[in-house]
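The values are calculated or read from the model by the stated rules, or taken from the named source; none is laboratory data. Values in this document were obtained by computation on a predicted structure and should not be read as measured data. All Cβ positions, glycine included, derive from the backbone under ideal geometry; neighbour counts span all protein chains shown. The protein model used for the area step is the full one, side chains on, heavy atoms only, and it has no ligands, DNA or RNA in it. Shrake-Rupley method; radii C 1.70, N 1.55, O 1.52, S 1.80 Å.
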Amino acid sequence: MAGTSAANVAVGKPDLAVSGGVLVAPIGTTRPTSLAGPIDPAYESVGYVSADGVTETSERSTEEIRAWGGQKIRTVQTEYGTSLSLTLIESRNATALRFVFGDDNVDVSGGEITVKRNEKTLPYVQLLVSMLDGDNSSHLDVGRAQVTEVGDVTYVDGEAISYELTISCDPDDNGDTLIERKAADGDAEGEG
């Protein structure tokens, strides 16, 4: 029987050697199959994420079925969804801007970046959130991610121009909204 171990306590520190922690790639890019495996070069960094990091939210709704007289006899799941939220703080990073506003709305030419705002639906992409914490490395792998909400953009002296995002993690071909991979402790080998 495994006991407690401080070595099993991990933090969500970005893997800055790989990126600012968040990588984006077109749909169809080869996804990682292991934590230590190679990352397809099509994955590009969206730059620095604010100090708030990345927040994963899972929503699971249920409905109770009751018999005549009010006795609860079953609970059924009616909805499930996963989303990520984060704030990008590199307002001059073309990859980040394409992720926030869509490829068709960002043009880089003549030493300038032009960013259009319009009602076009943002495309699906693949997302990889890479975290490095010594032996406690991990990553979040999303096969179908879509920016569904962009918060207010504030232009003020003394603060970074930033993009607060909500990202929907829709099911991939296997029905998975997100795959988390992390290094196992020595006691976990062979369990299952």
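Descriptive notes on the structure:
- For Asn105, the requirement of being surrounded by 16 or more Cβ atoms within 10 Å (Cβ to Cβ), at pLDDT 90 or above and more than 20 Å from Gly175 (Cβ to Cβ) is met.
- The residues in the range 7-23 that are part of a loop (DSSP other than H, G, I, E, B) and either more than 16 Å from Ala94 (Cα to Cα) or modelled with pLDDT of 80 or more (or both) can be counted, and the count is 10.
- Within the range 24-34, the residues that satisfy the criterion of being assigned to a loop (DSSP other than H, G, I, E, B) and not polar (S, T, N, Q) are Ile27, Gly28, Arg31, Pro32.
- Scope the range 47-73; condition on the phi > 0 side of the Ramachandran plot and either in contact with a strand residue (DSSP E or B) (Cβ under 9 Å, 6 or more places away or on another chain) or in contact (Cβ under 8 Å) with a residue 60 or more places away in the chain (or both); matching residues: Gly47, Gly53
- Taken over the range 35-83, the criterion of being among the small types (Gly, Ala, Ser), within 23 Å of Ile167 (Cα to Cα), in a loop (DSSP other than H, G, I, E, B) and open to solvent by less than 100 Å² (accessible area, probe 1.4 Å) is satisfied by Ala42, Gly47, Ser50, Gly53.
- The residue of the range 150-171 that is most open to solvent (accessible area, probe 1.4 Å), among those that are of a type in the set (Asp, Glu) and at pLDDT 95 or above, is Glu164.
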